[in-house]
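Remarks on the structure that follows.
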Amino acid sequence: MGLYVLAAAKGSPGVTTSSVLLASIWPGEPILADLDPAGGDIALRYRDSSGVPLDPDRGLLSLGAAVRRGIAEVQLSDHVQQIAGGLEVLTGVSSPDQVQGLGPTWQHLARSLRSVPGRDVIADCGRLTPGAATMPVLQSADAVLMLARPTIEGLSHLRELIRGLADLLHLGGYDAVPVGVALITSYRDAGTARDVQSILDQAGLPASVLGILAEDYKAAAAIRSGDSRRVRQSLLTRSAAEIGDRLRTIGRDLSGATDVTVHPAGTWGPA
């Protein structure tokens, strides 16, 4: 099925929280993969349905070890765990050294994430830096979603990151990996999405601003604590649902075209 990557250029725009939320409302039964090169948070934040901590040895590291051993058919399902609420997750590493230790297996890991029968994978790749080990995952993705805050520095880092990924993701080419942008700000900033799209267009960067991910500190805190049921009707969840719909739309367009219509955050309205 599909592989959808979430990442950021700099700072802490809430990639992990957004990934958990998006995966929790995604159609079907997606798998959330914690691939943050700086070290994963999923195993630290969440517990299983019995309240027991997740097994740190079962996840990305065990999957990488299976790939290195040359097991004939590596099944991603053998390395995931279920957190309270039912979401299945592939836990990440605890340090950057472990990410680098996976070395050349990243190419094979990317293929494993891309080819789970009947299921999509949402991959949290955290903050992207030049030469990040997770680049093969981005290259294998159906679509990449960049999160950013619409500040001068946030947009500058976003622009430079997309520009730096242009060759790697074949942006502008027939085989491009589509890149979408979600802006983390107030739903009242109705014109922000259009303004940022203009900035990207003027820079000649083929990326689609998919909308605003509503800033909602209480809802985000509930998601981080594992109580996502409380936020089902929140602006954050409703905005994430629209972002997810648009991400799947550009992901199905293998040409990488950026003709998604941007609807201002004001169309959601307060609860």
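Please treat every number below as a calculation from the coordinates, not as lab data. Note that the structure is a prediction, hence the values are computed from the model and not measured. Cβ atoms come from the backbone with ideal geometry, glycine included; neighbour counts cover every protein chain shown.
Ranked by the mean number of other Cβ atoms within 10 Å per residue, highest first, peptides 182-188, 24-30 order as 182-188, 24-30. In this structure, the amide hydrogen of Gly172, modeled 1.01 Å from its nitrogen in the peptide plane, lies closer than 5 angstrom to no residue at least 5 positions away or on a different chain.
Counting only DSSP H runs of at least 4 residues, each contributing -39500 (n - 2.57), and dividing by the residue count of the chain, the helix-based mean residue ellipticity at 222 nm comes to -10500 deg cm²/dmol.
Which helices, counted as full DSSP H runs in the chain, have an axial Cα extent of no less than 18 Å and a Kyte-Doolittle average of -1.0 or above?
On the way: long enough: 152-165 (20 Å, 0.24); 235-252 (26 Å, -0.22).
Membrane-span-like by this rule: 152-165, 235-252.
Could you let me know the centre-to-centre spacing of segment 199-217 and segment 111-126, using Cα atoms, in angstrom? So the separation of the two Cα centres works out to 24 Å. Close amide-amide hydrogen proximity is noted between Leu145 and Val5, Leu6, Ala7, Gly180, each under 5 Å apart and 5 or more residues distant or on a separate chain (H modeled in the peptide plane; Pro and chain starts excluded).
Taking other Cβ atoms within 10 Å as a rough exposure proxy, Met135, Met146, Met1 sort from fewest to most as Met1, Met135, Met146.
Going through (i) 20.2, 62; (ii) 17.5, 52; (iii) 21.7, 72, the figure that equals Rg and Dmax of the Cα atoms in Å as computed for the structure here is (ii).
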